[in-house]
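Bear in mind these aren't lab numbers, they're just calculated from the coordinates by the rules spelled out. The structure displayed is predicted, hence computed values, not measured ones. Methodologically, a virtual Cβ is constructed for each residue, glycine included, from the backbone with ideal geometry; neighbour enumeration extends over all protein chains shown.
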Amino acid sequence: MIPGDVVELPVTVVICAYTMRRWETISAGIDSVLGQRPRPAQVLLVVDHNADLARRARDELPGVEVLESAEPQGLSGARNAGLKAAKHPVTAFLDDDARARPGWLASLVRPYERGDIVATGGRVEPWWPKGRPSWFPREFDWVVGCSYVGLPADGGIVRNPIGASMSLQTQLALDVGGFDTGVGRVANRPAGCEETELSIRLAAARPGAAIYYTTESVVDHHVSADRVRYGYFVRRCWHEGLSKASVVQLSGASAGLERERRQAAVVIPRAFARELGELLRGHLFALPRMAVTASGLAVTAAGYATGRVKHMTGKA
């Protein structure tokens, strides 16, 4: 029960979980949500087809509603189950391996005061297991589900939020059909873009509607050791390209590639120029960062091209 002297925000917070292996980060994330001031009016843990995890959550996590998803397996289906069970006008999502900093929720929903905002996203900081790898370019922090160079440094209008920390107008999200279960992550398959595709539909549903990225709302996103490997980097880039092809198939290239065009034409060239300067100053780790940036761009583009061919031939 929430004490009477604690002010509540009329917000539902949803955390989707699928594996017992993340129990510690799930528990920490829920504690960080329950510690928000003001507190959310409803906290939902949506368990994606894992009865053992649901039982343990009911036994050990007081103050949280545990819901077993009956939607198609995967993150999109679990998020839809959360949207349907939400009782409040705004639904916020936090990943099961993320921890919200104080003020996260209040800052995440504040942009709705503008009147034209249909969804928001917050800043997602990587929580590296042993410090940031020297070879990992910041322009590719999206690979580990975090904010990256290319987003508005001081916040602003964006095409889509990062799924680890975002909020949506609940009823509008339901009205436009929720998350497309044909897009996004299922278990360990490193796909994505489900929030991108839904965001495009949300913005199109109302004239003048916008999505706001606020840097004042911050979460720390745990990066597991298996994701701090070049092999995972390549796999994630490949699947991002495939997922982007699905988004373009559903939403068109204009909206589906808006951010990616700017990254390729502006942000990545700036990164190469910066790293070249670092290399000339004797910082040798700039060279592997340049190589990783080039390979990430190439692999993502190859994944996208493969996905487009599959869609055009009906094999997707």
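Odds and ends about this structure:
- The fewest-to-most ranking of TYR213, TYR148, TYR230 by surrounding Cβ atoms within 10 Å reads TYR230, TYR148, TYR213.
- Shape analysis of region 58-138 based on the Cα gyration tensor places the equivalent ellipsoid semi-axes at 26, 21, 14 Å, largest first.
- R0 of 35 Å, Cβ-Cβ distance ASP52-LYS87: FRET efficiency to nearest 0.05: 0.85
- Helix 23-34 axis, angle to the chain major axis (alpha carbon atoms, nearest 10°): 60
- Between helix 286-313 and the chain: long-axis angle, C-alpha atoms, 0 to 90°, nearest 10: 70
- Simple label model, 7 Å out from Cα along Cβ direction - ALA305 to PHE285, nm: 3.3
- CYS16 long-range amide H proximity, modeled H, under 5 Å: VAL46, LEU94, ASP96
- Summarising the amide proton neighbourhood of SER217: residues at separation of 5 or more, or on other chains, whose placed amide H is nearer than 5 Å comprise ARG123.
- Under 17 Å from a label point set 7 Å out along the Cα-to-Cβ vector of VAL7, the amide N atoms of region 79-112 belong to 102-112.
- Computed over the chain, the per-residue total of -39500 (n - 2.57) for DSSP H runs of n ≥ 4 gives a 222 nm mean residue ellipticity of -12500 deg cm²/dmol, rounded to 500.
- In Hz, Karplus ³J(HN,Hα) per residue of region 91-101 (6.51, -1.76, 1.60; θ = phi - 60°; x = Gly, Pro): 10, 9, 10, 10, 5, 6, 10, 10, 10, 7, 7
- Crossing angle, helix 194-205 versus the chain [Cα axis fit, 0-90 degrees, rounded to tens]: 70
- Euclidean distance between Cα centres, region 22-95 to region 218-284, Å: 29
- Footprinting exposure proxy ranking of LEU108, LEU75, LEU284, LEU257, fewest other C-beta atoms within 10 angstrom first, gives LEU284, LEU257, LEU75, LEU108.
- Environment charge at LEU83 (Cβ cut-off 15 Å; Lys +1, Arg +1, Asp -1, Glu -1): -4
- Paramagnetic label reach from ALA106 (point 7 Å along Cα→Cβ; backbone nitrogen cut-off under 15 Å): within region 34-53, residues 34-41.
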